[in-house]
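The values are calculated or read from the model by the stated rules, or taken from the named source; none is laboratory data. These numbers were taken from a predicted model, which means no experiment stands behind them. So basically every Cβ, Gly included, is an ideal-geometry build from the backbone, and we count neighbours across all protein chains shown.
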Amino acid sequence: MNPFLQTLRQTVIPRNSKREKLARSIQRKLFDLQAIFSSDYPTWIRLNEPAGAALSAQKELVTTLSLQPSFSFLLQISSSPEFLQEQINSILAQTYSKWDLTIILADQPSPAIQRKLESFVKGD
């Protein structure tokens, strides 16, 4: 157990109390942040990204929302096409469908980027 949490528990937080539940919740959030800041993105995804039934339920739930605002994604692309397809696919996979994507080219696109962008436009 985290030494800080253990000390806190011994001095301030009674067992099985709301405070203990809150402390445990904070500890889980700190673990999530630690995973993000330690560049352990796969761990963060495993802990936070819905899958299977939860993802299907999320897709269904968003269609019932009374307020359905539109979101805009801005994606700046540099000269490297390395993550371009992954970035665009991530946006296309959103469970909420009321969005638009604006791609901003930082400079003249390379032929590889141009081809990728054209293929995505054709599929739109």
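Regarding Ile88, is this residue over 21 Å from Leu55 (Cα atoms) and not aromatic (Phe, Trp, Tyr)?
Values: over 21 Å from Leu55 (Cα atoms): no; not aromatic (Phe, Trp, Tyr): yes.
No: the conditions fail for Ile88.
What number of residues within region 101-119 are closer than 13 Å to Phe73 by Cβ, loosely packed, with under 12 Cβ neighbours inside 10 Å and not hydroxyl-bearing (Ser, Thr, Tyr)?
Going through region 101-119 one residue at a time, the tally reaches 1.
Filter region 88-116 for residues that are farther than 14 Å from Ser70 by Cα, of a type outside the set (A, V, I, L, M, F, W, C) and not in a helix (DSSP H, G or I) and give the result. Walk me through how you get there before you give the answer.
Pass one, region 88-116, residues farther than 14 Å from Ser70 by Cα: 88-90, 92-93, 103-116.
Then drop every residue that is not of a type outside the set (A, V, I, L, M, F, W, C), which leaves 89-90, 107-111, 114-116.
Matches in region 88-116: Asp107, Gln108, Pro109, Ser110.
What is the number of the single condition among (1) within 30 Å of Leu30 (Cα to Cα); (2) more than 18 Å from the chain's Cα centre (by Cα) that Ile88 does not meet?
Every condition holds for Ile88 apart from (2).
Pairs, please: C-beta under 8 Å, at least 6 apart or cross-chain, first residue on the phi < 0 side of the Ramachandran plot and in region 58-72, second in a strand (DSSP E or B) and at pLDDT 85 or above?
Ser70/Trp99; Ser70/Asp100; Phe71/Trp99; Phe71/Asp100; Ser72/Trp99; Ser72/Asp100; Ser72/Leu101; Ser72/Thr102
Those residues that are surrounded by 12 or more Cβ atoms within 10 Å (Cβ to Cβ) and either more than 30 Å from Ser110 (Cβ to Cβ) or of a type in the set (A, V, I, L, M, F, W, C) (or both), I need them from region 76-89; list them, please.
Ile77, Leu84, Ile88
Listed residues Lys98, Lys122; which is surrounded by fewer than 13 Cβ atoms within 10 Å (Cβ to Cβ), in contact with a strand residue (DSSP E or B) (Cβ under 8 Å, 6 or more places away or on another chain) and of a type in the set (D, E, K, R)? Steps first, please.
Details: Lys122 fails: in contact with a strand residue (DSSP E or B) (Cβ under 8 Å, 6 or more places away or on another chain).
Going through Lys98, Lys122 in turn, just one is surrounded by fewer than 13 Cβ atoms within 10 Å (Cβ to Cβ), in contact with a strand residue (DSSP E or B) (Cβ under 8 Å, 6 or more places away or on another chain) and of a type in the set (D, E, K, R): Lys98.
Report the residue count in region 55-75 for those that are surrounded by 10 or more Cβ atoms within 10 Å (Cβ to Cβ) and either of a type in the set (S, T, N, Q) or closer than 27 Å to Phe31 by Cβ (or both).
Total satisfying the criteria: 7.
I need a count of the residues in region 38-72 that are of a type in the set (A, V, I, L, M, F, W, C), more than 11 Å from Tyr96 (Cβ to Cβ) and either part of a helix (DSSP H, G or I) or under 17 Å from the mean Cα position of the chain (by Cα) (or both). Lay out the reasoning, then the answer.
Quick first cut of region 38-72, residues of a type in the set (A, V, I, L, M, F, W, C) only: 44-45, 47, 51, 53-55, 57, 61-62, 65, 67, 71.
In the following step, the residues that additionally are more than 11 Å from Tyr96 (Cβ to Cβ) were identified as 44-45, 47, 51, 53-55, 57, 67.
From what's left, either part of a helix (DSSP H, G or I) or under 17 Å from the mean Cα position of the chain (by Cα) (or both): 44-45, 47, 51, 53-55, 57.
Final tally of qualifying residues: 8.
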